[in-house]
Amino acid sequence: MTAAALDRSPAPSRRRRLAGVRRTAAPGRLVTALAVLVPVALLALGALPLTPAALVAFLAPAGALLAGTRHSRRQAALIARLERERAVLLDQVRSRADELDRASRIMAARARTMTSVIDAVTEQSIIGTDPDGTIRVWNPGAEKLLGLPRADVVRRRSILEFHLAEELEEAADAQGTAVGLHALVRAAQENGSDVRDWTYVAADGRQRTVAVAITPRTDDRGVHAGWNFVGTDMTEVRATERMKDQFVSLVSHELRTPLTSILGYLELVLDDEQSLTDEQRRYLGTVERNADRLLRLVGDLLFTARVDAGQLTLQPEPVDLVAVVRAAEETARVAATAGGVELRVEAPDGALVISGDPMRLGQACDNLVSNAVKFTPSGGSVTLTVGTGWRAADGTVTADERPGAAPVARLSVRDTGIGIPDDEQGKLFTRFFRASTAQRNAVPGVGLGLSITKAITTAHGGTLDLESAEGRGTTFTLTLPRGA
């Protein structure tokens, strides 16, 4: 009922109450007035002697009239108060009705806007389901990707029908859950969101590799209402990546053999001290340095290819992390001195032994130190720090032992160099990525060192953390598990 209707139709109980007050008040006043006027008329005609008894009889109705008047006034005040309350209540009803109307219009406008935005997306599939996986939202991008119109899908099909059954079974086995929707959404349910590649099966049977972002959906009361699946077709991208990896691996293998031969013959020539002039020896030294550099690059490419293929193997043994750091310092000292960079080591006097592959840990440390020296201008400094700590279940590391924390060893490389922009730090461990600061300053490199270091760290069960500010320097911290 609208506010105007409420105004025209007051509450029935209030009507009856006011009418009852008026009906009972009018006869009462009439009787009281007659009780006063009749004795007065009799006295005036001499029909009633003026005695004390007559006086009392005369005054009694007058008192009753006064009392009736006061009662009428109270009733009139009550009526006026009820009328005011009624007006206030009607104003409140009108206000609430207007607010509800505005809220309804806003909600409808938002719904129309959201629908138009979803329908405008044609390059990404947007699929919304209820809690049991039945599809409720199916945008044009989903129609394009999976080949079915909205009318054939909404409320008729399950999201599971468009997933490769073998993948769902593998996910269920890995998670220890039953095959079905839970295997698909478990990571999003636990972490709030999940992004990974899944294989979609279109209506014509074609399989597409899709990067799917899964998020839970709630209603206006905060109650779980279903799931959102936003997919980007990555089929061609992933195929290109596989071809690139195969090409890099093939070329690297083909280059390594002739480079090894070139370096071998160069070594033989340089060993002949009598047949070479100083100028020839200098030229051959330049050839040898560049051949060594090219061989290291080929080795890095082959290493990344093995990592991608899951073929990275470690040869673990007791490793003194302090010795690894001091060896990296010795290796980088020539380049640091030539570049005017001060190189410092802060390490305990004794050994800090962990279990790991000494060659791979040395490679990781060399990469971090050489990068720090390259990216630090003359007059700057690079500090290598080795120490111990305790890592809690949430990943935080402290110097003091805490209940439930695991012992770790930490290796930090801190420089005062050019730094890395904030928006590029998340890409830094991607193969072949080079920060804009490196490109602007023409720092040599191909962008493989950090991705290799990250892979080595992960293979050892450790973490590699980054802190950087453009123009103020960078700190890389390698954290590895150690025995208690």
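What follows is calculated from the coordinates using simple rules that are stated; it is not laboratory data. All values derive from a computational prediction rather than experimental measurement. Virtual Cβ from ideal backbone geometry, glycine too; neighbours counted across all protein chains shown.
The table for this structure:
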| read-out | value |
| --- | --- |
| Anisotropy class of segment 238-308 from Cα gyration tensor, a/c 1.5 cut | prolate |
| Candidate lysines for bridging to K454, where Cα separation is under 22 Å - those fewer than 8 sequence places away on the same chain excluded | K244, K374, K427 |
| Dipole-positive endmost among L448, T416, T474 within segment 381-484 (Cβ charges, Cα centre) | L448 |
| Charge dipole magnitude, Cβ of K and R +1, D and E -1 - segment 390-484, Cα centre, debye nearest 20 | 320 debye |
| Loop-located trypsin sites (Lys or Arg not before Pro) in segment 117-172, at most 14 other Cβ atoms within 10 Å (DSSP) | R155, R156 |
| Shape call, segment 356-475: gyration tensor on alpha carbons, a/c limit 1.5 | prolate |
| Loop sites in segment 145-202: chymotrypsin sites (Phe, Trp or Tyr not before Pro), DSSP, at most 10 other Cβ within 10 Å | none |
| Loop-resident sites, segment 88-165, for GluC sites (Glu not before Pro), counting at most 15 other Cβ within 10 Å (DSSP) | E123 |
| Charge context of E99, other residues only, Cβ under 14 angstrom, K/R +1, D/E -1 | +1 |
| V443, V223, V408, V413 arranged by Cβ crowding within 10 Å, fewest neighbours leading | V223, V443, V408, V413 |
| Cα-based equivalent ellipsoid, segment 416-484: semi-axes from gyration tensor eigenvalues, Å | 24, 14, 9 |
| Net charge contributed by nearby residues that have their C-beta within less than 12 Å of A108 (K/R +1, D/E -1) | +3 |
| Mean-position separation - Cα centroids, segment 162-212 and segment 357-413, in angstrom | 37 Å |
| Overall form of segment 210-341 per C-alpha gyration tensor (a/c, 1.5; a/b vs b/c) | prolate |
